[in-house]
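Heads up: the structure comes next, in structure tokens.
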Amino acid sequence: MSNPNNSTIPKNGMQIVKTAAFAFAILSWIATAAGLSNYVYTSETQKWLAYLGSFAIQGLLIVFNLKLPVFIEHAKKWNLIIVPFYFIVLFASSTFAYVYISNSVYEETRYFDSHITLESEFYITLDATDEYTNESLVFTRLLMSQTTTDLKVSISKSGYVSDSETELLNELNSARAAQGSADAAVTSAEEIYAEHYRIDHDDDRNNDPPSTYVTDDQHAIAAARQALIAANSALDVAQKAFDNRKISLDKIANEVLSAILASDFENSELSGRINELTTAIANIDHNDDAATDFSEIVIAAQTLNILSENLGALISVKADLNDLRSILTDTRTPPNKSFEGEEAAWTAAWTEDLTQLKKVMQRLPSYSDAILSGNNSSIVNTEVLKDFDAASYIYNIDTSIRFHLYDINAIERSAGLLKSRFNGLAIFSLALALFFDIASLLAGLFLWIMGRNNTKQSSKNTSPAGGDTNATSVRSTPATE
């Protein structure tokens, strides 16, 4: 009679467990073969290689799964080889099974998932770039105002003072007035001469004696013309003095600073002022004694030019970002699950938008830690400027284009699905692939444990008290054999 506490299971139960293990092995064989045939042995003439390779993998795996505990227990000196080899076989089987399962379950949602992911990443990158651009615009204008202020200090120390423009202009205006008066005097003298000449001509016809006015008028004309020559010469001198006056660097610097701080800021006006300042500095006649001050002025002017170029680039970037934000709504959205006939247009639209965003980011200026740490203004959020990593965003764009828009290998796509935003089905696919492969291992562990229990129970039931234990051992056969 059987013992009610007997923990053994019938042989037919053991066979059911073994059969289930083989069934899981067959499922894994089919999935692994499908993965190999679809993504490795893709040719019709090579599909048999996929099934042959999968059969070899599953043959090794089923033996390992059912007998691994026995191997580990009785072949301990080979464990360093057996265990790693087992995991290699398990990895090969589960990988291709996962590739097949994941690509199958994502078939209908792939483009929807990709579109949502691309749109989210696009806006995240666009917003971060926009924030960086806004802070950079403020920071660049702040740097320009600081540089201009330093320039004014260098100008005041240098001694490059300008001539009195008002005084020179007054002298020029006086010379112009004098020239105009001299010219009018010549005209008046000539008119008087003409009138007297007409009168004397009429007297000749009337046999009257000629007057002496004509001769006096000729002398007056000559004197007036000499005065006009002198006035023209004085005007030329005054004009040259005004034209060659020392330009006020401080005045131009003030105009540059006013253009920077203007509420209705115009970059074209600022660029013109900076060019005017650069030209004035280039025309300065300096001596060796003022070389240090002059060098400081030149460096400040060069810095302003660089900052002006950066400011122009930022303004252009800001306009392009606004355009990208407005045209993104035109990007084609997948209209149906099959996505038939729309993939090319959708891919082209997204590729163009992402590539344009990447080009815009490549034009952004960067700032060194020294420059950022030297800013004490509360109007600039320097943390945004420090944390923004354009190279990282560009790398993410390239990765997104390659993963979501290019026809990459399915193995690589399956690996990427595990890291994607919508990785629920990918994790499920991996778990299912692993379950197909380790289910038989669990069955093997179960059979091994039950076999040991059966052996112990059989020994207790068949051995008399104080009997021959060797005979009992012969009669007791483990269920795993």
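The values are calculated or read from the model by the stated rules, or taken from the named source; none is laboratory data. Note that the coordinates shown come from a computational prediction; the quantities given were computed from them, not determined experimentally. In this analysis, Cβ positions are derived from the backbone assuming ideal geometry, glycine residues included, and neighbour counts consider all displayed protein chains.
When you scan the range 226-237, do you find a residue that is of a type outside the set (S, T, Y), within 30 Å of L277 (Cβ to Cβ) and at pLDDT 75 or above, even just one? Give the derivation first.
Going through the range 226-237, the residues of a type outside the set (S, T, Y) turn out to be 226-232, 234-237.
Imposing the further condition that a residue be within 30 Å of L277 (Cβ to Cβ) reduces the set to 236-237.
Next, from what is left, pick out any that are at pLDDT 75 or above: 236-237.
Looking through the range 226-237, at least one residue is of a type outside the set (S, T, Y), within 30 Å of L277 (Cβ to Cβ) and at pLDDT 75 or above.
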* To do: Report the residue count in the range 355-380 for those that are of a type in the set (V, I, T), surrounded by 14 or more Cβ atoms within 10 Å (Cβ to Cβ) and in a loop (DSSP other than H, G, I, E, B).
  => 1
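Quick one: count up the residues across the range 34-70 that are in contact (Cβ under 8 Å) with a residue 24 or more places away in the chain and part of a helix (DSSP H, G or I). Reasoning before the result, please.
Taking the range 34-70 as the starting set, the residues that turn out to be in contact (Cβ under 8 Å) with a residue 24 or more places away in the chain are 34-36, 38-40, 54-55, 57-58, 60-62, 64-70.
Next cut, part of a helix (DSSP H, G or I) only: 34-36, 38-39, 54-55, 57-58, 60-62, 64-70.
So the answer is 19.
Which of the residues that make up the range 341-370 are over 21 Å from the mean Cα position of the chain (by Cα) and not charged (D, E, K, R)? Before the answer, list the steps.
Within the range 341-370, the first condition is being over 21 Å from the mean Cα position of the chain (by Cα), and the residues that meet it are 341-346, 370.
Selection gives G341, A344, A345, W346, A370.
Report yes if D204 is at pLDDT below 75, part of a helix (DSSP H, G or I), among the acidic types (D, E) and touching a helix residue (DSSP H, G or I) at 6+ places or on another chain (Cβ under 6 Å), otherwise no.
no
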* Structure fact -> Scanning the range 383-411 for residues that are within 24 Å of the chain's Cα centre (by Cα) and within 18 Å of N103 (Cβ to Cβ) gives R402, F403, H404, L405, Y406, D407, I408
* Determine which single condition I401 fails, assuming it passes every other condition in (1) over 27 Å from D113 (Cα atoms); (2) surrounded by 15 or more Cβ atoms within 10 Å (Cβ to Cβ). => (1)
* **Any pair with Cβ under 9 angstrom, 6 or more apart, that starts in the range 399-420 at a residue that is among the small types (G, A, S) and ends at one that is surrounded by fewer than 16 Cβ atoms within 10 Å (Cβ to Cβ)** => G416/T399; G416/I408
* Can you pull out the residues in the range 398-434 that are within 22 Å of S37 (Cα to Cα) and of a type in the set (G, A, S)? -> A410, S414, A415, G416, A426, S429, A431, A433
* Quick one: would you say Y132 is of a type outside the set (D, E) and at pLDDT below 90? -> no
* Asked: Between residues in the range 379-393 that are within 13 Å of D127 (Cα to Cα) and residues that are in a loop (DSSP other than H, G, I, E, B) and among the hydrophobic types (A, V, I, L, M, F, W, C), which pairs lie under 8 Å by C-beta distance while being six or more apart or on different chains?
  -> A390/L364
* Asked: What do you reckon, is K18 among the basic types (K, R), modelled with pLDDT under 80 and either assigned to a loop (DSSP other than H, G, I, E, B) or within 20 Å of I449 (Cα to Cα) (or both)?
  -> yes
* Asked: Looking at the range 381-388, is at least one residue basic (K, R), assigned to a helix (DSSP H, G or I) and modelled with pLDDT of 85 or more?
  -> yes
* Structure fact -> With criteria (1) over 28 Å from Q362 (Cα atoms); (2) without any contact (Cβ under 8 Å) to a residue 12 or more places away in the chain; (3) not basic (K, R), S102 comes up short on (2)
